[in-house]
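Peer 1: Take a look at this one; I'll ask things after.
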Amino acid sequence: MSFAISNELRARLERGGPILALTGAGVSAESGLATFRGPGGMWEGRDPMELATPQAFAADPETVWRFYDWRRKQAAEAAPNPAHVAFAALEQGRDSFRLVTQNVDGLHERAGNRDVLRLHGSLWRLRCLGDCEEHDNLELDLGPLPPRCACGALLRPAVVWFGEPLDPAVLHRAEQFAEEADLVIVAGTSALVYPAAALPEIARLAGAYVVEVNPETTPLSERADVHIAGSAGAVLPRLVEVAGIA
Ligand code: BV8
């Protein structure tokens, strides 16, 4: 696909200022992973918004775990796509690059990004409901669902559910990155979920140039400096090229 790159976007890519990337589920769409609000619902036609809540888990931990177990398996089978690879190239090519993601699938990390600020947690970490300790867990067979900790308490996915607060330290760091950014690349998000969706506005008010990469328009589109109507897998490698990063 061909798309125009504004002179200002080119200048900000070339001049080496702090770049903040904010990604959402659409960045993993080209890896074959369903987005949150895509057509047909994410799992068995169910609305993930009904499943990704503490209330749903308390009411029926087994069903919520079948949803997350399915997502872990889907994510494990998926491969990073050119958009993920481009973000890893930006981190390797720029000291002042920061990646903040709403995604929990782990594909940015598998593509090579080492400093990923995960706003909403990870499918690959579990939390014990006994002592709230978290640990990595990459096992594809969790055994009977819902899984239990050795202490006997239920384990839950260490993700941020709707109605739960984000980790304040993580959110504060993301807001700092937004305030320091010279260029913000917002890719693959419907810009509906807060407080993540507030980050581009924080950056814009602090003087950043905000580019949105999404085949669709979103509530951010009219406030962004430029909206590139394209897929992240096609657009991001081109932005990396303009930034002069091999
Ligand atoms: C909070 C982890 C406060 C789980 C997720 C009532 C009570 C409390 C809060 C609220 C409330 N009502 C509303 C709120 C606020 C709520 C919110 O924002 N709701 C919205 C929906 C209105 N937020 C919260 O609840 C947050 N917490 O506010 O706490 C608080 C404070 C103190 C004490 C108590 C409470 C927590 C939000 C985090 C929820 N967890 N994920 C899991 O993954 O299972 S959010 C979930 O949505 C995913 O992380 C996902 O990433 C995220 C956002 O979705 P997107 O990533 O944007 O994905 P989506 O499918 O929507 O869009 C995909 C886009 O990609 C589309 O635009 C599409 O066009 C585009 N696309 C498709 N293909 C491509 C592409 N783009 C580029 N290339 C392509 N190829």
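The values are calculated or read from the model by the stated rules, or taken from the named source; none is laboratory data. Keep in mind that this is a model prediction, so the values were computed, not measured. With ideal geometry, Cβ positions are generated from the backbone for all residues, glycine too; neighbour counts draw on all protein chains shown. Areas reflect the complete protein model, heavy atoms only, side chains present, ligands, DNA and RNA absent. Shrake-Rupley method; radii C 1.70, N 1.55, O 1.52, S 1.80 Å.
Peer 1: How large is the Kirkwood hydrodynamic radius of the stretch 173-213, counting all unique pairs of alpha carbons, in Å?
Peer 2: For the stretch 173-213, the Kirkwood estimate is 10.0 Å.
Peer 1: OK, next. How long are the semi-axes of the equivalent ellipsoid of the chain, taking √(5λ) for every eigenvalue λ of the Cα gyration tensor, in whole Å from largest down?
Peer 2: That gives 33, 18, 17 Å for the three semi-axes.
Peer 1: Quote the FRET efficiency, to the nearest 0.05, computed for LEU145 versus ALA198 with a Förster distance R0 of 51 Å and r equal to the Cβ-Cβ distance.
Peer 2: Numbers: r = 35 Å, r/R0 = 0.68.
Between LEU145 and ALA198 the formula returns 0.90.
Peer 1: Mind listing which GluC sites (Glu not before Pro) in the stretch 27-108 are in a DSSP loop and have 12 or fewer other Cβ atoms within 10 Å? It would help to have the intermediate numbers written out before the result.
Peer 2: Details: sites: GLU30, GLU44, GLU50, GLU62, GLU77, GLU91; in loops: GLU44.
The qualifying sites are GLU44.
Peer 1: Related question: Please give, to one decimal in nm, the separation of the simple spin-label points placed at ARG37 and ASN137, each 7 Å out from Cα toward the Cβ.
Peer 2: 3.1 nm
Peer 1: Please calculate how many Å² of accessible area the chain carries per residue, with a 1.4 Å probe and no DNA, RNA or ligand atoms counted. Intermediate results must be reported in sequence, preceding the final value.
Peer 2: Details: 11060 Å² over 246 residues.
Ligands and nucleic acids excluded, the result is 45 Å² per residue.
Peer 1: Still on this structure: Where the centre of each part is set by its Cα atoms, how far does the stretch 209-237 sit from the stretch 35-74, in angstrom?
Peer 2: Rounded to whole Å, the Cα centres lie 27 Å apart.
Peer 1: Related question: How much of the DSSP beta bridge set in the chain is antiparallel, as a percent to the nearest 5?
Peer 2: Details: 9 of 30 bridges.
Restricted to the chain, the bridges split so that about 30 percent are antiparallel.
Peer 1: With the dipole of the chain worked out from charges on the C-beta (+1 for Lys and Arg, -1 for Asp and Glu) around the Cα centre, which of TRP161, SER221, CYS151 lies farthest toward the positive end?
Peer 2: It is SER221, whose Cα lies furthest towards the positive end.
Peer 1: Here's another thing I want to ask about it. Which of the trypsin sites (Lys or Arg not before Pro) found in the stretch 44-85 are in a DSSP loop and have at most 12 neighbouring Cβ atoms, other than their own, within 10 Å? Write down the numbers at each step before the final one.
Peer 2: Working: sites: ARG46, ARG66, ARG71, ARG72, LYS73; in loops: none.
Qualifying residues, ordered by number: none.
Peer 1: Still on this structure, I have one more. What does the charge dipole of the stretch 1-75 about its Cα centre add up to, to the nearest 20 debye, if the Cβ of each Lys and Arg holds +1 and the Cβ of each Asp and Glu holds -1?
Peer 2: Working: 9 positive and 9 negative charges, 63 e Å.
Using only the charged Cβ atoms, the result is roughly 300 debye.
Peer 1: State to the nearest 20 debye the size of the charge dipole of the chain about its Cα centre, where the only charges are +1 on K and R beta carbons and -1 on D and E beta carbons. Don't skip to the answer; put the middle values down first.
Peer 2: Details: 22 positive and 33 negative charges, 50 e Å.
The dipole magnitude comes to about 240 debye.
Peer 1: Given springs between every Cα pair under 10 Å in a Gaussian network model of the chain, which of PRO61, PRO165, PRO48 has the largest fluctuation?
Peer 2: PRO165
Peer 1: Can you list the GluC sites (Glu not before Pro) in the stretch 123-187 that are in a DSSP coil and have 15 or fewer other beta carbons within 10 angstrom?
Peer 2: On the way: sites: GLU133, GLU134, GLU139, GLU175, GLU179, GLU180; in loops: GLU133, GLU139.
Here the sparse-neighbourhood loop sites are GLU133, GLU139.
Peer 1: Something else now. Could you point to the residue in GLY106, ALA78, GLY38 farthest towards the positive end of the chain's charge dipole, with +1 and -1 charges on the Cβ of Lys/Arg and Asp/Glu respectively?
Peer 2: ALA78
Peer 1: Based solely on its DSSP helices, what 222 nm [θ] is calculated for the chain when runs of n ≥ 4 H residues each add -39,500 (n - 2.57) and the sum is averaged over all residues, nearest 500 deg cm²/dmol? Spell out each step's value before the answer.
Peer 2: Numbers: 9 runs with 83 residues, N = 246.
Taking each H run of at least 4 residues, the total per residue is -9500 deg cm²/dmol.
Peer 1: Next question. Any chance you could give the angle, 0 to 90 degrees and rounded to 10, that helix 168-180 forms with the longest Cα principal axis of the chain?
Peer 2: Approximately 10 degrees, to the nearest 10.
Peer 1: Same structure again: Bin width 10 Å, origin at 0, all Cα-Cα pairs of the stretch 5-89: what percent of pairs per bin?
Peer 2: In whole percents, the pair-distance histogram is 15, 35, 26, 16, 8, 1.
Peer 1: Say each of GLU62 and ASP115 gets a label point 7 Å from the Cα, pointing the same way as Cα to Cβ; how far apart are those two points in nm?
Peer 2: 4.6 nm
Peer 1: Right, something else. To check you understand DSSP bridge types, tell me what percent of the beta bridges within the stretch 99-231 (both residues inside) are antiparallel, rounded to 5.
Peer 2: Details: 8 of 19 bridges.
The antiparallel proportion sits near 40 percent.
Peer 1: How much of the accessible area of the chain, in percent, comes from carbon and sulfur atoms when a 1.4 Å probe is used? Show your work: numbers first, answer last.
Peer 2: On the way: 5650 of 11060 Å².
The C+S portion of the solvent-accessible surface of the chain is 51 percent.
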